[in-house]
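Undergrad: Let me begin by handing over the structure; questions about it come next.
The values are calculated or read from the model by the stated rules, or taken from the named source; none is laboratory data. This one's a predicted model, so the numbers in the text were calculated from it and none came from an experiment. Counting neighbours? That spans all protein chains shown, and the Cβs are built from the backbone with ideal geometry, glycine included.
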Amino acid sequence: MEHNRRKRVYHTLNYPLQTNGGKTLLTGIRGVNASPDKVYITGFYKYPNDTKVDTFVYKGRLTSQDLKDRDLWYVLSYPSSIGRTVMSTNLYGPDNGENGKIVVVGNYETKEAGMSTIGCLYEGYLSGNGKWTTLIPNLSSDPVLNTIAHSTHGGLVVGNYDTQLDQGKAFIYDISKKKYYDIIKPGAKSITAYGIWYNGENSYTICGGYSDLDVSSGVDSGYLVDWNNLTHQFSNWKSYSYNNQPKNTVITHFDGITSDGHGGYNLTGDWIGVEPGSNQLGFFANVKRDKYGKFKKATWSEVSFPGKTTLTSGNSVYKDVVIGVYTLPLDDSIYGYISYFI
């Protein structure tokens with residue numbers, strides 16, 4: 001494949017206020033419809049030795065000049081109110097709204113709810129003058145403990161939730177209809193939904209990971225599945241392991257999805273090998289469809305920040321651009337990065 005013949009380059013991309021011990025976690029990237037040379041990047045920054053968190057959206061070009069411009073980084077936080085003291089907000093996935101607005105999803109924590117995470121949706125301008133919505137799936141009679149909304153595209157949201165009885169459940173939320181749907185894969189013991197791509201009309205493609213506790217296929221496998229938002233049916237389930245070698249990987253997980261511009265998809269995520277001491281690494285994958293519309297095998301390339309890193313994650317993808325984080329030995333900081341082909 002073409003992406004295996006080109007060179008992938010890497011650049012550190014931290015929140016402009018990062019200092020030693022700080023943690024920049026880049027979580028989502030999406031192109032800006034009205035400005036084809038610009039992107040939205042979401043994430044959050046944890047200050048060193050402090051509980052303070054800045055959750056941000058960057059809107060600009062992928063150039064050193066723009067990325068260093070603090071005026072292009074916008075802080076958005078779920079607002080506190082009576083009986084709801086918001087302690088932190090984490091944003092994960094951006095999308096284009098109407099008339100220059102943004103749609104972005106994530107989660108927040110409150111003093112009253114303790115360590116529980118609560119899903120959220122923001123629709124509005126980057127100035128913060130918009131509408132915040134709490135997202136908690138109402139799909140179970142069992143109380144929901146945690147909700148995280150991971151991605152949004154084309155009017156739908158995907159994410160995860162836990163209940164007292166079940167851990168690792170995934171959901172779809174239709175923003176206009178305010179309705180939730182469970183994502184259930186036959187045979188899976190747990191499942192995540194980290195990315196969604198709108199194909200047009202009523203067609204969406206969702207990615208994430210699942211576990212069926214079958215060690216022969218790895219502890220966790222990546223998956224793709226189509227969702228018809230008119231019939232509310234899933235189709236074309238397909239499982240993936242890094243390099244198409246399930247016996248050599250313990251974990252394969254898709255974290256982000258985007259169109260490849262040719263009817264297929266570019267994806268990123270994380271994988272861990274079976275060899276003792278294997279580090280978590282990212283990847284860039286491409287998946288085509290066959291003439292029947294089924295997903296084909298993926299082509300893969302490794303994403304690993306150069307140098308003596310202890311971890312590289314692939315958190316989101318736009319075209320061939322991958323964003324994520326990396327860590328270094330004996331260093332409490334977490335560093336964001338951006339990577340692309342030249």
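Undergrad: Consider Gly293 carefully, then state whether it is surrounded by fewer than 21 Cβ atoms within 10 Å (Cβ to Cβ), touching a residue at least 40 places away in the same chain (Cβ under 8 Å) and in a loop (DSSP other than H, G, I, E, B).
TA: For Gly293, the condition - surrounded by fewer than 21 Cβ atoms within 10 Å (Cβ to Cβ), touching a residue at least 40 places away in the same chain (Cβ under 8 Å) and in a loop (DSSP other than H, G, I, E, B) - is met.
Undergrad: So, one more: Restricting the first residue to the stretch 21-38 and requiring it to be on the phi > 0 side of the Ramachandran plot, which pairs with a second residue that is not hydrophobic (A, V, I, L, M, F, W, C) meet a Cβ separation below 9 Å and a spacing of at least six or different chains?
TA: Every condition considered, the pairs that remain are Gly21/Tyr47; Gly21/Pro48; Gly21/Asn49; Gly21/Asp331; Gly21/Asp332; Gly21/Ser333.
Undergrad: Report whether or not Thr42 is among the β-branched types (Val, Ile, Thr), in a strand (DSSP E or B) and farther than 17 Å from Tyr125 by Cα.
TA: no
Undergrad: Still on this model: Kindly indicate whether Glu275 is within 27 Å of Leu26 (Cα to Cα) and not hydroxyl-bearing (Ser, Thr, Tyr).
TA: Working: within 27 Å of Leu26 (Cα to Cα): no; not hydroxyl-bearing (Ser, Thr, Tyr): yes.
Against the criterion (within 27 Å of Leu26 (Cα to Cα) and not hydroxyl-bearing (Ser, Thr, Tyr)), Glu275 does not qualify.
Undergrad: Please enumerate the residues belonging to the stretch 87-105 that are buried (at least 19 other Cβ atoms within 10 Å of the Cβ) and either on the phi > 0 side of the Ramachandran plot or of a type in the set (Val, Ile, Thr) (or both). Steps first, please.
TA: We begin by selecting, within the stretch 87-105, every residue buried (at least 19 other Cβ atoms within 10 Å of the Cβ); these are 89-95, 102-105.
Selection gives Thr89, Ile102, Val103, Val104, Val105.
Undergrad: Only one of Tyr240, Tyr204 is closer than 29 Å to Gly124 by Cβ and crowded, with 16+ Cβ neighbours inside 10 Å. Can you tell me which?
TA: Answer to the selection: Tyr204.
Undergrad: Right, something else. So which pairs qualify, if the first residue must be in the stretch 84-97 and farther than 24 Å from Val39 by Cβ, the second must be part of a loop (DSSP other than H, G, I, E, B), the Cβ gap must be under 7 Å, and the two must be at least 6 apart or on different chains?
TA: Sorted first by the residue in the stretch 84-97, then by its partner, the pairs are Arg84/Glu112; Thr85/Lys111; Thr85/Glu112; Val86/Ser77; Val86/Tyr78; Val86/Pro79; Val86/Ser80; Met87/Lys111.
Undergrad: For Ile184, all conditions in the list (1) modelled with pLDDT of 95 or more; (2) more than 19 Å from Asp255 (Cα to Cα) hold save one; what is the number of the exception?
TA: Here Ile184 meets the rest and fails (2).
Undergrad: Conditions: (1) part of a strand (DSSP E or B); (2) in contact with a Lys or Arg (Cβ under 7 Å, 6 or more places away or on another chain); (3) not charged (D, E, K, R). Pro16 meets all but one. Number of the miss?
TA: That leaves (1) as the condition not met.
Undergrad: Just to be sure I understand, how many residues within the stretch 249-283 are touching a Phe, Trp or Tyr at 6+ places or on another chain (Cβ under 8 Å) and not in a strand (DSSP E or B)?
TA: Qualifying residue count, the stretch 249-283: 1.
Undergrad: Being modelled with pLDDT of 95 or more, closer than 16 Å to Thr192 by Cβ and among the polar types (S, T, N, Q) is the filter here; which residues of the stretch 110-163 pass it?
TA: Hits for the stretch 110-163 are Thr117, Asn146, Thr147, Ser151, Thr152, Asn160.
Undergrad: Output the residue which, of all residues in the stretch 135-157 that are closer than 19 Å to Met87 by Cα and touching a residue at least 40 places away in the same chain (Cβ under 8 Å), is farthest from the chain's Cα centre (by Cα).
TA: Among those that are closer than 19 Å to Met87 by Cα and touching a residue at least 40 places away in the same chain (Cβ under 8 Å), it is Thr147.
Undergrad: Also: Tell me, which residue of the stretch 175-197 that is in contact with a strand residue (DSSP E or B) (Cβ under 6 Å, 6 or more places away or on another chain), within 24 Å of Pro94 (Cβ to Cβ) and not hydrophobic (A, V, I, L, M, F, W, C) is surrounded by the fewest Cβ atoms within 10 Å (Cβ to Cβ)?
TA: Tyr180
Undergrad: Next up: Can you pull out the residues in the stretch 31-58 that are closer than 22 Å to Ser151 by Cα, basic (Lys, Arg) and surrounded by fewer than 19 Cβ atoms within 10 Å (Cβ to Cβ)?
TA: Filtering the stretch 31-58 for residues closer than 22 Å to Ser151 by Cα gives 31-46, 53-58.
If we keep only those that are basic (Lys, Arg) as well, we get 38, 46.
Correct list: Lys38 only.
Undergrad: Which residues, taken from the stretch 305-330, are within 20 Å of Leu62 (Cβ to Cβ) and either in contact with a Pro (Cβ under 8 Å, 6 or more places away or on another chain) or in a loop (DSSP other than H, G, I, E, B) (or both)?
TA: Those that are within 20 Å of Leu62 (Cβ to Cβ) and either in contact with a Pro (Cβ under 8 Å, 6 or more places away or on another chain) or in a loop (DSSP other than H, G, I, E, B) (or both): Phe305, Pro306, Ser313, Gly314, Asn315, Lys319, Asp320.
Undergrad: Filter the stretch 276-293 down to the residues that are under 15 Å from Asn243 (Cα atoms) and modelled with pLDDT under 95 and list them by number.
TA: Selection gives Gln280 alone.
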